[in-house]
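*Asks:* I'd like to ask you about the structure that follows.
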Amino acid sequence: MKFLDEAKVYIFSGDGGAGAVSFRREKFIEFGGPDGGDGGRGGDVWVEAVNGLNTLIDFRFQQHFKASIGMHGMGRNRTGSNGESVTLKVPVGTQIFEEDNETLIVDMVTEGQRFRLAAGGNGGFGNTHFKSSTNQAPNWANPGLPGEEKTIWLRLKLIADAGLVGLPNAGKSTFLASVTRARPKIANYPFTTLHPNLGVATVDEREFILADIPGLIEGAHEGVGIGDRFLGHVERTRVLLHLVSAQEEDVAKAYKTVSYELEAYDGGLEDKPEIVALSQIDVLDEDELKKKAKALQKACGKKPMLISAITGKGMTDVLRALRDVIVENRSDADNVLSDRPKKMRHKLEDTVEEIEEDEE
């Protein structure tokens, strides 16, 4: 299973069935009158947010969704059956856009949320509907109304409590692997992470979801490197953990590069609470560490946290700092979304592991 966060889909709701033109024909009944039934209603096209999905890969193999048409009416006042509806099952956090990929139709942010994307056409009236005292034998009926058809875009923005940002090889994937059950690919070359990874971190018996996205480089907002297409996955987070590698020659420049890209993205990321951490400190001696920590503090305007995922130094402290910001910014409505059962969260991580194993 691959990771896919955008898909183009064609949907078509069912046409309504036509009404029937029929007259009662029975022995010894000279004037039976009209008995044409109404047509059935066409099926609708729905979208539903479900648990256990973290990718739109299913829509790579099926891009057309068409509901059933309503059955035509029949004699003896028999109404046609309604057409069957179809439902697009999407991950929580999926946004639905019109064909222009800009006009938002609906944002699926809660599990079980349903929305009708296209309504089926109404069935036509049979000739029984038109009988009256002055017209006792109408010989016409209505056709069914056509269904709706449109092309829509699905765009997934993963829902996480905290997001990891930084330059490539800043130690984001290593951090995620050390504090969660997620197993992202880790290697000593830039852009090892090619798609977002999710994991559930636990500290002091509290859980929150971490999102790791591919690293940003200078010019990412213009498409340089992998670009900023994955920044949408940290738009919904409550706090950002900005990791700066201690192996960088100029830690201040590394911090400012990513900060500028977050601001240029123009998605409100620059206004989110940010925790800055100097990672991979196990590679430095004391003097060099103090020097780089001071330079980073001057660049970001706050004292950075010093962490090492290899030795575990400072890891608990940074998790507690993330937890405190998340709890502070969490509303009652968000609690329902974030406090999901452990089984569901483990299923989320298992799905991410399957994605990684498939790509390897």
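The values are calculated or read from the model by the stated rules, or taken from the named source; none is laboratory data. Predicted, not measured: the structure shown is a model, and the values here were computed from it. Heads up, the Cβs are rebuilt from the backbone with ideal geometry, glycines too, and the neighbour counts pull from every protein chain shown. Just so you know, the surface numbers come from the protein's heavy atoms only, side chains and all, with ligands and any DNA or RNA stripped out. Shrake-Rupley method; radii C 1.70, N 1.55, O 1.52, S 1.80 Å.
*Asks:* Given R₀ = 22 Å, FRET efficiency for residue 270-residue 192 by Cβ-Cβ distance, to 0.05?
*Replies:* The computed FRET efficiency comes out at 0.25.
*Asks:* Give the separation of the Cα centroids, the range 259-336 to the range 45-122, in Å.
*Replies:* 41
*Asks:* Quick one: pull the percent of accessible area on the chain belonging to carbon and sulfur, 1.4 Å probe, ligands and nucleic acids left out.
*Replies:* On the way: 8590 of 17940 Å².
After summing per-atom areas, the C and S share lands at 48 percent.
*Asks:* Projecting each Cα onto the charge dipole of the chain (Lys/Arg +1, Asp/Glu -1 at the beta carbon, about the Cα centre), which of 268, 55, 188 comes out farthest on the positive side?
*Replies:* The Cα lying farthest towards the positive end belongs to 55.
*Asks:* Here's a follow-up. From the helices alone, meaning DSSP H stretches of at least four residues, give me the mean residue ellipticity at 222 nm for the chain, per-run term -39500 (n - 2.57), in deg cm²/dmol to the nearest 500.
*Replies:* -7000 deg cm²/dmol
*Asks:* Which of the peptides 164-171, 3-10 is most tightly packed, and how do the rest follow, judged by the mean count of other Cβ atoms within 10 Å per residue?
*Replies:* So the peptides 164-171, 3-10, ranked by packing, come out 164-171, 3-10.
*Asks:* Once a ≥ b ≥ c are taken as the square roots of the eigenvalues of the Cα gyration tensor of the range 191-338, is the result rounded (a/c under 1.5), prolate (a/b larger than b/c) or oblate (a/b not larger than b/c)?
*Replies:* Oblate is the answer for the range 191-338, as a/c is 1.5 or above yet b/c matches or exceeds a/b.
*Asks:* Near residue 82, within a Cβ-to-Cβ distance under 10 Å, what is the net charge of the other residues, with Lys and Arg +1 and Asp and Glu -1?
*Replies:* With Lys, Arg at +1 and Asp, Glu at -1, the net is -1.
*Asks:* Given H placed 1.01 Å from N in the peptide plane, which residues other than close sequence neighbours of residue 313 have an amide H under 5 Å from its amide H?
*Replies:* 308
*Asks:* Relative to the present Cα-Cα distance, how much length would full extension add between residue 253 and residue 183 at 0.36 nm per residue of separation?
*Replies:* 22.2 nm
*Asks:* Any idea how far apart residue 23 and residue 286 come out in nm if each label point goes 7 Å out from Cα toward Cβ?
*Replies:* Result for the modelled spin labels: 10.8 nm.
*Asks:* For the chain, what is the percent of antiparallel DSSP beta bridges, rounded to the nearest 5?
*Replies:* Within the chain, antiparallel bridges account for around 55 percent of the total.
*Asks:* Show me the three semi-axes of the equivalent ellipsoid for the chain, from the C-alpha gyration tensor (sqrt of 5 times each eigenvalue), largest first, rounded to whole Å.
*Replies:* The three semi-axes for the chain are 60, 18, 16 Å.
*Asks:* Tell me, in nm to one decimal, what length is gained between residue 84 and residue 235 on full extension, where the rule is 0.36 nm per residue of separation less the Cα-Cα distance?
*Replies:* 50.7 nm
*Asks:* Leaving out ligands and nucleic acids, note down the accessible area per residue over the range 49-95 with a 1.4 angstrom probe, in whole Å².
*Replies:* Accessible area per residue: 56 Å².
*Asks:* Based on Cβ point charges of +1 for Lys and Arg and -1 for Asp and Glu, what charge dipole magnitude is obtained for the chain about its Cα centre, in debye rounded to the nearest 20?
*Replies:* It works out to roughly 1120 debye.
*Asks:* Using packing as a proxy for protection, rank 29-35, 119-125 so that the peptide with the highest average count of other Cβ atoms within 10 Å comes first.
*Replies:* Details: 29-35: 13.1, 119-125: 24.0.
Most protected by this proxy first, the peptides run 119-125, 29-35.
*Asks:* Which shape class applies to the range 1-100: rounded if a/c is under 1.5, otherwise prolate when a/b exceeds b/c and oblate if not, where a ≥ b ≥ c are the square roots of the Cα gyration tensor eigenvalues?
*Replies:* Details: a/c = 4.98, a/b = 4.09, b/c = 1.22.
Here the range 1-100 falls in the prolate category.
*Asks:* Run the reach check for residue 313 against lysines, Cα to Cα strictly under 26 Å, same-chain hits fewer than 8 apart removed. What comes back?
*Replies:* Once the sequence-local lysines are set aside, what remains near residue 313 is 172, 185, 253, 256, 272, 290, 291, 292, 294, 298, 302, 303.
*Asks:* Which helices pass in the chain if a helix is a full DSSP H run, must span at least 24 angstrom along its long axis by Cα, and must have mean Kyte-Doolittle hydropathy not below -0.5?
*Replies:* Details: long enough: 342-359 (26 Å, -1.87).
Within the chain not a single helix satisfies the rule.
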